[in-house]
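Here the structure is laid out as structure tokens; the discussion comes afterwards.
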Amino acid sequence: MTSQPRTLFDKIWDAHAVVRRADSADLLWIDRHFVHEGSFHGFGMLDHAGRRVRRPDLTFGVADHYVPSHDRALPIADPEVAGMLNQLRGNAVRHGIALFGLDDPRQGIVHVTGPEQGLTLPGLTVVCGDSHTSTHGAFGALGFGIGASEVAHVLATQTLWQRRPRRLRITAHGLLAPHVAAKDLILAIIARIGAGGAVGHVVEYAGEAIRALGMEARMTICNMSIEAGARAGLIAPDDTTFAWLAGRAHVPRDFDAAVAAWRALRSDEGAAFDREVALDAAGVAPTVTWGTSPETAVPVSARVPDPDREPDAVKRARIYEQIHYMGLTPGTPLEGLAIDRVFIGSCTNARLPDLRAAAAVLRGRRAAVPGLVVPGSVATKRAAEAEGLDRVFRDAGLVWGEPGCSMCVGMNGDLVSPGERCAATSNRNFPGRQGPGARTHLMSPAMAAAAAVRGAIADVRRLAP
Amino acid sequence: MTPFTVLTAPVAVLDRANIDTDQIIPARFLRKPRSAGYGGFLFADLGVRLPAGSAILRAGENFGCGSSREGAVYALVDAGIRCVIAPGFGDIFAGNAAQNGLLTVALSLDVPEGTVLTVDLPAQEVRLPGGTPHRFAIDAFRKQRLLEGRDDIDLTLAHAAEIAAFEAADRAARPWAAIG
Ligand code: SF4
């Protein structure tokens with residue numbers, strides 16, 4: 001019997017199917033479940049039904065969305081924010097779940113610290129009540145975000161009903177040019193296929209450009225899969241993956257045997273994908289968004305679009321709406337557009353190489369606007385400080401914060417003021433995402449650093465050291 | 001949760017593409033307990049007010065994209081919405097909706113606000129006043145859950161033996177999946 005060639009996705013799915021329903025969803029086994037402050041609804045449903053957590057040993061609590069970025073020694077001023085952190089602790093203690101809390105050296109954004117602790121491994125299913133769980137796909141794990149009812153379901157059963165998604169392969173040919181980062185590549189991909197372009201699909205990223213990326217850059221790519229609507233993003237594990245994982249706290253004790261098993265986790269020659277997209281990575285330029293969807297990403301040399309040149313009435317209205325919200329004038333160059341503030345952080349771009357890239361631009365320079373740099377985890381923060389990166393940011397006049405989600409979503413009170421324009425390394429430029437009326441331009445860490453120096457959107461290639 | 005069968009109601013319209021869950025409910029409300037009632041948070045920063053008594057919403061492409069927050073569904077449900085009709089939905093949003101008795105119908109339907117529609121889940125069609133029915137597709141499992149208004153966890157626990165058997169076999173098959 002010759003077996004059919006299978007994709008990486010199919011191999012992982014098939015290894016996790018507990019029950020298969022011919023008519024729709026399969027019941028999947030879940031290997032790792034991360035919960036955070038916002039998971040309280042899920043715990044509430046569990047408690048309401050009088051249920052217990054089936055596998056507390058596979059469940060990890062992480063404080064990230066609401067943690068303060070400043071002065072952790074001080075009590076939290078907002079009682080509702082403090083309540084969110086207390087609630088997470090209470091749920092973790094009551095159900096016997098490990099907690100990476102406010103004063104824990106493992107604390108950080110769940111999608112930064114999970115991999116750092118060696119909890120995310122090739123071939124696993126990883127879920128969290130957070131859409132950017134797609135990040136974990138960088139390791140060849142099937143990671144996807146779930147809602148509160150599903151959080152309760154995983155807590156109670158360690159399984160989840162899921163409909164098998166379709167398979168989309170995106171192949172990035174060539175190599176990225178100097179000063180062009182993974183963030184630029186994923187923004188270019190989203191611009192190409194659209195914010196809904198991968199709905200119902202799991203994306204496997206392949207090609208020379210992807211293989212050449214380090215793990216942190218691969219996480220940036222997979223992180224933003226959801227911004228194209230994908231259920232998950234995947235990159236086949238390779239020697240880069242295994243070398244990055246070796247020696248981390250929770251990797252398998254027999255690591256060599258694990259690596260031997262993981263080497264089979266790749267799409268077979270001739271495996272069928274439902275869709276294929278290819279693009280030339282070498283042609284990608286430093287990229288920024290102008291509108292209120294990541295799909296509005298354009299090369300930094302581009303201009304704000306002119307809605308009157310759009311023949312389609314629906315698209316024209318959509319451009320008008322975004323230009324209005326963003327306070328832009330059609331036809332103006334994006335390069336040189338004045339900004340009010342900079343945010344370098346989030347689960348997309350708050351890892352050590354991201355901070356190094358931003359610091360390389362800022363070293364010996366002053367920021368022309370205020371800004372906040374928030375490392376993704378305590379471990380990342382310590383590593384950055386050991387290299388003196390915190391000094392570079394502080395000397396430039398930026399604030400060096402405590403790890404967490406911070407100004408990506410503003411739940412801890414780090415907000416962009418109404419009407420302010422922010423150059424951000426995060427993943428969402430939705431209206432109100434960084435605060436009511438906030439205007440967000442997404443870009444890479446080096447581009448955000450360049451924007452800080454110029455006080456305006458800038459082409460990092462002109463400032464590069 | 002309330003079962004969904006057949007619903008006849010006037011439609012409210014929010015015809016914009018990519019209405020993400022941050023716009024459906026801004027992050028600052030997510031810390032509220034469900035008992036607070038989420039209806040008042042719906043579209044809080046959009047300046048959109050749905051006509052009173054709206055139970056069906058017609059929305060634009062890629063509705064509910066973005067964050068996985070189930071609060072977006074709570075806001076719609078608590079505001080009285082039982083069905084959203086749009087050309088396409090964010091996957092996580094659509095899954096969350098089904099968990100809360102909110103039907104998502106993937107259909108391009110160009111009808112003005114106030115049109116009285118009948119959404120018939122058993123027949124999988126939306127009927128316009130006096131007009132032809134519009135068929136829609138829905139996953140069989142999701143349909144069954146909505147029709148019965150049943151809790152998923154109960155259904156899953158009926159498979160407890162299979163889960164336990166999988167768990168035991170998997171330990172041997174994938175020793176590397178254990179926490180090291
Ligand atoms: S950093 Fe932003 S996108 Fe990432 S988990 Fe936190 S809030 Fe979500």
Worksheet item: Among the residues of segment A:143-182 satisfying the criterion of being outside any strand (DSSP E or B) and within 17 Å of residue A:278 (Cα to Cα), which is most open to solvent (accessible area, probe 1.4 Å)?
Response: A:175
Worksheet, complete the sentence: residue B:158 passes all but one of the listed conditions (1) in contact (Cβ under 8 Å) with a residue 24 or more places away in the chain; (2) more than 8 Å from chain A (Cβ to nearest Cβ); (3) over 11 Å from the mean Cα position of the chain (by Cα); the exception is number (1)
Discussion item. Which condition from (1) within 13 Å of chain B (Cβ to nearest Cβ); (2) modelled with pLDDT of 95 or more; (3) not in a helix (DSSP H, G or I) is the one that residue A:22 breaks?
Written reply: (2)
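Could you name every one of the strands (runs of 3 or more DSSP E) located completely within segment A:200-289 that has at least 3 residues being in contact (Cβ under 8 Å) with a residue 24 or more places away in the chain, more than 16 Å from the ligand (Cβ to nearest atom) and surrounded by 16 or more Cβ atoms within 10 Å (Cβ to Cβ)? Give the derivation first.
On the way: elements: A:201-206, A:232-234, A:275-280, A:287-289.
In segment A:200-289, the matching strands (runs of 3 or more DSSP E) lie at A:201-206.
Only one residue in A:135, A:171, A:125 is within 29 Å of residue A:257 (Cα to Cα) and more than 16 Å from the ligand (Cβ to nearest atom). Which one?
A:125
Of A:49, A:82, which residue is away from the ligand (no atom under 15 Å from the Cβ), within 14 Å of chain B (Cβ to nearest Cβ), farther than 19 Å from residue A:402 by Cβ and open to solvent by 10 Å² or more (accessible area, probe 1.4 Å)?
Values: A:82 fails: farther than 19 Å from residue A:402 by Cβ.
Testing whether each residue is away from the ligand (no atom under 15 Å from the Cβ), within 14 Å of chain B (Cβ to nearest Cβ), farther than 19 Å from residue A:402 by Cβ and open to solvent by 10 Å² or more (accessible area, probe 1.4 Å) leaves just A:49.
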Worksheet item: Which condition number does residue A:71 fail, the rest of (1) within 12 Å of chain B (Cβ to nearest Cβ); (2) within 28 Å of the chain's Cα centre (by Cα); (3) in a loop (DSSP other than H, G, I, E, B) being met?
Response: (1)
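Please tell me if residue A:325 is more than 20 Å from the chain's Cα centre (by Cα), open to solvent by 20 Å² or more (accessible area, probe 1.4 Å), within 14 Å of chain B (Cβ to nearest Cβ) and in contact (Cβ under 8 Å) with a residue 60 or more places away in the chain. If you could, list the steps in order and put the result at the bottom.
Working: more than 20 Å from the chain's Cα centre (by Cα): yes; open to solvent by 20 Å² or more (accessible area, probe 1.4 Å): yes; within 14 Å of chain B (Cβ to nearest Cβ): yes; in contact (Cβ under 8 Å) with a residue 60 or more places away in the chain: yes.
Taking the combined requirement at face value, the residue satisfies it.
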Worksheet item: Which condition does residue A:328 not pass, out of (1) farther than 25 Å from residue A:230 by Cβ; (2) out of contact with any helix residue (DSSP H, G or I) (no Cβ under 9 Å at 6 or more places or on another chain); (3) of a type outside the set (Lys, Arg), if it passes all the others?
Response: (2)
Discussion item. Looking at B:69, B:58, B:82, B:49, can you tell me which residue is open to solvent by 40 Å² or more (accessible area, probe 1.4 Å) and either within 11 Å of another protein chain (Cβ to nearest Cβ) or closer than 20 Å to residue B:135 by Cβ (or both)?
Written reply: B:82
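The values are calculated or read from the model by the stated rules, or taken from the named source; none is laboratory data. Just so it is clear, the model here is predicted, and its values are computed rather than measured. Because the Cβ atoms are built from the backbone with ideal geometry, glycine has one as well, and the counts that use them run over all protein chains shown. Heads up: the accessible areas ignore ligands, DNA and RNA and are worked out on the full protein's heavy atoms, side chains in. Shrake-Rupley method; radii C 1.70, N 1.55, O 1.52, S 1.80 Å.
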